[in-house]
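Participant: My questions will all concern the structure given below.
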Amino acid sequence: MDFRFNFAVDENEHSEADAHFLLLCSPEHKQEQREKSRGTADLTGKPSPKLAAAKHQDEAALKKNLCVKAAKEHSIPQDLNKVLENKVMETVLDLSYVKLSVVERTCSGDADSEGIVSKSVSSHSDLIPGVYEGGLKIWECTFDLMDYFSEAEIEFTNKTVLDLGCGAGLLGIIALQGEAARVHFQDYNSTVIDEITLPNVVANCISEGRRMGSGKDRKASKPPSKRLRKAEGSPDVLNRCRFFSGEWSQVSQLLLNSNKPCLKYDLILTSETIYNPDYYSALHDTLAQLLDRNGRVYLASKVHYFGVGGGIYLFEKFIEDKNVFRTSMVKTIDQGLQRCIMEIAFKNSC
Ligand SMILES: C[S@@+](CC[C@H](N)C(=O)[O-])C[C@H]1O[C@@H](n2cnc3c(N)ncnc32)[C@H](O)[C@@H]1O
């Protein structure tokens, strides 16, 4: 599968994109700012050198985090046939997934309020940083992680699982098939959740001809299937799912605030999410906030993302410097661009 990296987004594209973001400044942050200025301004009202330095730091941080996409929980529509309306499904490794070229032709207006489908098509780009983060496609490390789950016989039964940066959501669907107690799906883009992830989960939850048991005996790719059958979903499966969109730090706050007592994940599954070093801090903190004390993260990635700068060794070093997690490389794949699977656990976990 080919991936198109194109970061030459023109200025119009940016200002148009900005309309889709909320410039978030938390009340706590504002209070901090007020306290900072009270504590360090001198009697003339001019900022002290200390304040000027702090201001400079804040501006740099603000610039980096200018577009912080707000988090949102997506409800599951009552009528599951609506979710599958206009969708054509294909099949890979016995899993159904929405055919992207049809979405590209049909998804516009309210169905794509973020405008990411047209932006991705017109810019010939699979990634537009801060606008569209690649979730419309299935990236190849997803399949590496799926293979690893069966080889290592990863157990999902009764686990609480997060598919982080889910895109098509195939990893979460595997966890559902493996009888996970709960599976939460997160993607940066709300269009991805509504038009790709949710339909894929519904399509794979159809009772007719589909067994929501162990997915361990999955066969090799089948030819693309025809238009989708009627959705007679298994609501019990959907009751085990929740769907979120937004930037990681925002989603993490939403999850922490909306789940009392605090819900932590036994397993966090994440594929092709470490391409951009600018996001490492938010990703690391999200993992630290949401992973159970004895939980595990399975992260699949290319060794290096040309043109973007991220990669497995850079992220490994980032984690090492933070000193919160231990990592181990559990698999490397040498075909084409080298790829890896990393297991991450808290330093003091069992
Ligand atoms: C390249 S796509 C990979 C999609 C999917 N995991 C796969 O392997 O097919 C990267 C995913 O990470 C998520 N992502 C990237 N940066 C993010 C950020 N800063 N905040 C939230 N989600 C982010 C996007 O939603 C996107 O779905």
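Participant: From the backbone phi of segment 153-170, what are the Karplus-calculated ³J(HN,Hα) couplings (6.51 cos²θ - 1.76 cosθ + 1.60, θ = phi - 60°) in whole Hz, Gly and Pro given as x?
Facilitator: Values per residue, Gly and Pro as x: 6, 5, 8, 9, 3, 6, 8, 9, 10, 10, 9, 8, x, 6, x, 5, x, 4 Hz.
Participant: Now for a separate question. Using amide H atoms built in the peptide plane, which far-off residues or other-chain residues are under 5 Å from Leu291 H to H?
Facilitator: HN-HN under 5 Å from Leu291: Tyr265.
Participant: Rg (Å, one decimal) plus Dmax (Å, integer) for the alpha carbons of segment 72-346?
Facilitator: Answer for segment 72-346, Rg first and Dmax second: 17.5, 51 Å.
Participant: Simple spin-label model, 7 Å along Cα-to-Cβ: Gln338 to Arg293 in nm?
Facilitator: Each label point lies 7 Å from its Cα, and together they span 3.7 nm.
Participant: Round to the nearest 0.05 the FRET efficiency obtained for Asn323 and Leu263 when R0 = 30 Å and r is the Cβ-Cβ distance. Walk me through the intermediate numbers first.
Facilitator: Details: r = 25 Å, r/R0 = 0.84.
About 0.75, to the nearest 0.05.
Participant: Below 9 angstrom from the Cβ of Gly169, what's the summed charge of the other residues (Lys, Arg +1; Asp, Glu -1)? Intermediate results must be reported in sequence, preceding the final value.
Facilitator: On the way: positive: none; negative: Asp163, Asp187.
Spelling it out: positives minus negatives among the neighbours equals -2.
Participant: Given the pairs Lys72/Lys331; Lys264/Lys322; Lys87/Lys137; Lys159/Lys347; Lys69/Lys137, which are separated by over 24 angstrom at their Cα positions? Could the numbers behind the result be given before it?
Facilitator: Values: Lys72/Lys331 34 Å; Lys264/Lys322 20 Å; Lys87/Lys137 15 Å; Lys159/Lys347 21 Å; Lys69/Lys137 20 Å.
Too far apart for the 24 Å limit: Lys72/Lys331.
Read-outs: derived from the displayed coordinates by stated rules, not from any lab. Just so you know, these numbers come straight off a predicted model, no measurement behind them. All Cβ positions, glycine included, derive from the backbone under ideal geometry; neighbour counts span all protein chains shown.
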